[in-house]
Amino acid sequence: MRRSISFSIAFVLFLLPLLLGLVETTTPNPAVSLEGSFTEAAPAHFVRGPTVNLVTNSSALIFWRTDVPMNSTVDYGLEESNPNLTVSNSTVVGDHRITLTGLAMGSKYYYQVTSNGTASDEYHFRTAPADGAEFKMIVFGDNRPDTDTAPVQPQEYSDLVDLVIAEEPHIVIMTGDYVLIVTESHSYNLDAWERFTNITDRLGHYAPIYGVLGNHDTSAYTGTLRLEYFFDAFEMYSEPSPYSSFDYAGVHFTLLNSEEQYNNGRITGTQYDWLVDDLTNTSRSMKFVFAHQPLYPLQHINSALDRNMTEMIRLQQLFEDMNVTLFAAGHDHLFNRLTVNGVVHIIAGGGGAPLYHTPWGGAFFHYLKVDVSSGQVDFTAIDLSSVTREQYQLPYDGPIEIEARFLANNTLQRNGTLPIFYFSEIPDEVLYSWDGGSNSTTLTGFPDEPDAHTLDVYANDSEGSWSHERFVFNTYNPDWPTPTTSTSTTDTESPPPPMDVVLILGIVGVVSAVVVVIILMRFKRK
Ligand SMILES: [Fe+2]
């Protein structure tokens, strides 16, 4: 008896959705076929996308997600509102992945997806151009919400996404920290990541998006990785991996994981070995590397990839040896460019998270536009008002750039009070001068007097041209030098002569004067 009641309840539960489905299909909708199974007839609700992913010069993956399993069709073509090509899959699925092949190189395609007769809007994307041809890349990230607004995404991020869409980039790279936190609550995580993908997919309609993992995007530090949400947000691999590489338009792209469990803020061990192989084995002359944490942070000093100085120097040396053009990161919520021995380091972390105000500036919401061609790379940082805030171009043929970084000295930070200087290329000769004093080829410690001090730094390039920067330090607390200003008029002024030369000239002058006086006195006596 109990068994027959259970069977009856199950039968009713089975019929209920069918009855509801029939009610829905009675609504006039010419796009919905009344033939076929129930799942084919139900109108589609697009939970994700459609987005364009893994774009090459001849193929692209179109992804979208429906709330229930349905069939899949992509209509596409080279003319707007005229999708004359079609790829379909009758297998009902929730995650729809249709690969378009045989596409024309460097071309703009329009596409529209359909599931169970319900069509999306029409979107467009560009296939990769030929190797060495021009393309536009956008880099941004650190869009995560603040603690008091999470899981709601910042309005600044949504606004930046609209600006980036208007740029019509070929490809987009995101620098991490997409959500505030990954918790033990699956429903919270789903909600937080859905808020991120709802905004991000608006851009994903038009360009492939690749992202590196940020420290806020995993709970690795509590012992559980929970990378499934990050993997789900980006359709950028055949097999999900927190680090990977690919080629695009003749450029080699490497995405690193600076959040490795037990190796937070380090590129080491197996991943470092993989990186060496990856950069060694590519035949591409231009290489772009990305990670969430920067090598030369401005806010997270000693708590980014500079955490382990030996590994940091090793990574910089690897980039130099392998002719890496660009290393871009986030983590610091600001914009900064620092060229070190020919490697351009960019922090593009102004995607919407609370900005960091440091002595080095760059605290504005932004995206980085990178225009790439075979002989030139243009970097442009653009803020929320579409104002260009910084531009830089490769190849760079100006004088050596001199930049300073400071090491604090307290129990939480690495010991040391000397500033560190970085040069845009390896100088032939470097001279330092405290308070306008004698030049020295080695940098000595801060003067003892607690006061404002100047430090002039001169760097001579291979063509014999001198660059000069003057930095001002306030040593009221000698343990924590505070850069008040960097007068930083980069010029090609030669350094003043060393003090010993001045001293010798002075002595010679005084002796000469004395001799002249003695001669005159003797002449007078006569
Ligand atoms: Fe971060």
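The values are calculated or read from the model by the stated rules, or taken from the named source; none is laboratory data. Here the structure is a predicted model, which means the values were calculated and not measured. Heads up, the Cβs are rebuilt from the backbone with ideal geometry, glycines too, and the neighbour counts pull from every protein chain shown. These accessible areas exclude ligands, DNA and RNA; they are computed on the full protein's heavy atoms, side chains included. Shrake-Rupley method; radii C 1.70, N 1.55, O 1.52, S 1.80 Å.
How high is the relative contact order of the range 44-126, in percent, counting Cα pairs under 8 Å that sit 6 or more residues apart? Dividing the mean separation by the residue count of the range 44-126 yields 31 percent.
I want the local charge near ARG266. Using Cβ-Cβ distances under 11 Å, sum +1 for each Lys or Arg and -1 for each Asp or Glu among the other residues.
On the way: positive: ARG307, ARG314; negative: GLU259, GLU260, ASP306, GLU311.
Net local charge, ARG266 excluded: -2.
Atom-type composition of the exposed protein surface of the range 44-126 places 45 percent of the accessible area on carbon and sulfur (1.4 angstrom probe). Solvent-accessible area assigned to carbon and sulfur over the range 275-329 amounts to 45 percent, based on a 1.4 Å probe.
For the range 177-267, the relative contact order comes to 27 percent (Cα pairs under 8 Å, sequence separation of at least 6). Peptides 182-194, 459-471, ordered by how many other C-beta atoms sit within 10 Å of their residues on average, highest first, read 459-471, 182-194.
With all protein chains kept in place, the per residue accessible area of the range 44-126 amounts to 42 square angstrom at a probe of 1.4 angstrom. Working ranking of peptides 281-287, 77-83, 341-347 by packing, defined as the average number of other Cβ atoms within 10 Å per residue, highest first, is 341-347, 281-287, 77-83.
Residues in the range 204-322 average 36 Å² of solvent-accessible surface per residue, probe 1.4 Å, ligands and nucleic acids excluded.
Between the beta carbons of ASP277 and MET309, assuming R0 = 22 Å, the FRET efficiency works out to 0.35 to the nearest 0.05. Cα-based values for the range 185-277, radius of gyration first and Dmax second, are 14.3, 43 Å.
All other residues whose Cβ lies under 14 angstrom from that of LEU279 are scored, Lys and Arg at +1 and Asp and Glu at -1, for a net of -3.
Please work out the FRET efficiency for the pair SER238 and GLN376, using the Cβ-Cβ distance as r and a Förster radius of 30 Å; give the result to the nearest 0.05.
Numbers: r = 32 Å, r/R0 = 1.08.
Plugging the Cβ-Cβ distance into 1/(1 + (r/R0)^6) gives 0.40.
When the P(r) is computed for the range 44-126, the part past 18 Å accounts for 33% of the Cα-Cα pairs.
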